[in-house]
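Down below is the structure, laid out as structure tokens.
Derivation of every value follows stated rules applied to the coordinates shown; laboratory data play no part. Every value quoted in this text rests on a predicted model; they were computed, and no experiment measured them. Here the Cβ positions follow ideal geometry from the backbone for every residue, glycine too, while neighbour counts run over all protein chains shown.
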Amino acid sequence: MKQVHVAVAVVVVNDQDILIARRPDDKHQGGRWEFPGGKVEADESVEAALVRELDEEVALPVALGAITSLMKIPFEYPDKRVLLDVCWVEANMNDALLAHGAEGQEVRWVHYSRLNEFTFPDANQPIVVAIQQRLDALN
Ligand SMILES: Nc1nc2c([nH]c(=O)n2[C@@H]2O[C@H](COP(=O)(O)OP(=O)(O)OP(=O)(O)O)[C@@H](O)[C@H]2O)c(=O)[nH]1
Ligand SMILES: [Mg+2]
């Protein structure tokens with residue numbers, strides 16, 4: 001199976017709240033919560049893919065300088081092989097207020113300590129752990 005390179009954004013505001021969205025029922029891992037993002041296109045950097053996906057999916061403007069790499073997660077689903085290229089994205093409050101499900105999906109800002117209450121795709125478990133470690137250290 002070909003590996004799909006996916007850019008994934010952990011968008012953080014005030015070192016507290018994280019942006020999550022619900023995947024449409026008819027898509028891979030449908031119905032689960034996700035961090036916004038999507039496939040990296042040919043000749044596109046991960047950061048550029050995230051600027052594009054955050055605009056398309058949640059109408060959130062971010063500067064390239066606000067994006068740093070967090071972790072890479074190779075994962076095999078029964079039906080799909082992915083490489084999640086997970087980045088940390090610091091958003092400011094004014095931009096965060098503009099964010100919404102631009103493709104009709106439900107989106108929420110969730111306090112990082114409550115991420116465990118949501119069901120994410122199986123590949124995401126290490127991401128939730130990393131977010132909580134990082135923000136616990138700052139709070
Ligand atoms: N965006 C996103 N995708 C994830 C996460 N975790 C995870 O396993 N994936 C997987 O990564 C793959 C690609 O993500 P995607 O469906 O958002 O891709 P996309 O925005 O380009 O959508 P499209 O396929 O409709 O063009 C999917 O198979 C999805 O299940 C996550 O937290 N966020
Ligand atoms: Mg997507």
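Contact list please: Cβ distance under 8 Å, first residue in region 17-40 and closer than 20 Å to Glu90 by Cβ, second residue aromatic (Phe, Trp, Tyr) and within 12 Å of ligand 2 (Cβ to nearest atom), pairs at least six apart or on different chains.
Ile18/Phe35; Leu19/Phe35; Ile20/Phe35; Ala21/Phe35
Restricting attention to region 28-59, report how many residues are part of a loop (DSSP other than H, G, I, E, B), under 28 Å from Ser113 (Cβ atoms) and either among the charged types (D, E, K, R) or more than 13 Å from ligand 2 (Cβ to nearest atom) (or both).
3
Please enumerate the residues belonging to region 60-104 that are in a strand (DSSP E or B) and charged (D, E, K, R).
Within region 60-104, Lys72, Glu76, Lys80, Arg81, Asp85, Glu90 meet the criteria.
For region 84-100, give me the residue count where each residue is touching a residue at least 40 places away in the same chain (Cβ under 8 Å) and crowded, with 16+ Cβ neighbours inside 10 Å.
Of the residues in region 84-100, 10 are touching a residue at least 40 places away in the same chain (Cβ under 8 Å) and crowded, with 16+ Cβ neighbours inside 10 Å.
Let's see how each residue does on (1) within 8 Å of ligand 1 (Cβ to nearest atom); (2) touching a strand residue (DSSP E or B) at 6+ places or on another chain (Cβ under 9 Å):
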| residue | (1), (2) |
| --- | --- |
| Gln16 | no, yes |
| Ile20 | no, yes |
| Asp26 | no, no |
| Phe35 | yes, yes |
| Gly38 | yes, yes |
| Ala49 | no, yes |
| Glu53 | yes, yes |
